[in-house]
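What follows is a set of notes on a single structure, which appears directly below.
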Amino acid sequence: MDFLTLFVIYLCCVLATVALLCACSGRKEGFLARSVSGASQILSSVIPAQLRSATHRALHRLFHTRSCLFVGLHVTLQAAVYGEYTWEVFVYCWELQFPLLLLLLPYLLLAGNVGCFLLCSRADPGIITKSNHASLVEIYAYDGVLFQNGILCPTCNVEKPARSKHCSFCGVCVQRFDHHCVWVNNCIGAFNVRYFLLYLFTLTATAATVAIVTTALLVQVVLLSDMMHGSYIDDQGQERAVELLFLIQHLFLTFPRIVFMLGFVLLLTLILGAYCCFSLYLAFTNQTSNEWYKSRRDGCSHHPTLRPPDRRVAYKNIYSKGVWMNLKEIFKPPTALERKKKT
């Protein structure tokens, strides 16, 4: 089996794993989640009932209840990347006289990321209780489309404040609910969304920095060895000039762990970078992931007690007050007292 086939298999496995995690930890209405559900129904016809029931319970506990498994996976992946970076990349770069600040930058970003991770995972996201319900319900107005006045949470038995949602993972209602993040094992809400954004940006910067330093190392190795001007003998015994695919294959065989790590952090940088852009868009427009999803899924309100089901009401974000004020609201969540002063 040649290098290209192995690389394609590796890439497909990584993408399939990412898709499966997104499907199982995301919403039930998503396309990937529906695909997984359809596949499970097909497999249910050939899998014994006892094994199917045990598997269902295990998957439900894994993806629909609070668990430290993903936190452990998070720590394990970071430890593996930094172990390889320290053991090989740092040593080779030091021998090649790379700037010390550049080599230490991933560790500085890691320290900041760990701090943001701890703050995000341990902070109160804005859990609604009977003692703070009266004050939280006055912070945001009901828009009449996504959030209706007088709706009770059937689990908590309290009136839902505008922009709140009941989290099935944690079993509580959360003020300005964004989503439940399995990687920090906590809800993202009004009081910890700022820590989550900092955690996300530092994690993206960490992956990008490791990828840049590792790429610079491999490029330097190629330049010093003058490999691009060489030649090799192919399977037919003919001499050929070195091409890009052969160069990548040679680097993979010479530095397998480094190239494997580089492929992982590059993919991670692309995924996290896209998510960072989406999170910035939500922050600039004062939306949550929950509101963005609901506004595009429904596009209207069908509340039977408020309007006929055949009337469609276009959603308009009433919470956006301009980029600067929207960002200020994230890093300094409003209180009921502040809202009364403004009104």
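Please treat every number below as a calculation from the coordinates, not as lab data. Here the structure is a predicted model, which is why all the values come from computation and not from measurement. All Cβ positions, glycine included, derive from the backbone under ideal geometry; neighbour counts span all protein chains shown.
Values for this structure:
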{"item": "Full-stretch length increase - Q97, R122 - with 0.36 nm per residue and alpha-carbon distance subtracted", "result": "4.9 nm"}
{"item": "Full-stretch length increase - K316, I248 - with 0.36 nm per residue and alpha-carbon distance subtracted", "result": "19.4 nm"}
{"item": "Other-chain or far-sequence residues with amide H under 5 Å of D124's (modelled H)", "result": "none"}
{"item": "Förster-model FRET efficiency, 35 Å R0, L104 and C170, C-beta, rounded to 0.05", "result": "0.40"}
{"item": "Between the stretch 69-138 and the stretch 167-209, the Cα center-to-center distance that results, in Å", "result": "13"}
{"item": "Kirkwood Rh in Å, taken over all unlike Cα pairs in the stretch 111-151", "result": "12.9"}
{"item": "By average C-beta atoms within 10 angstrom, highest first, the peptides 106-118, 127-139, 173-185", "result": "173-185, 106-118, 127-139"}
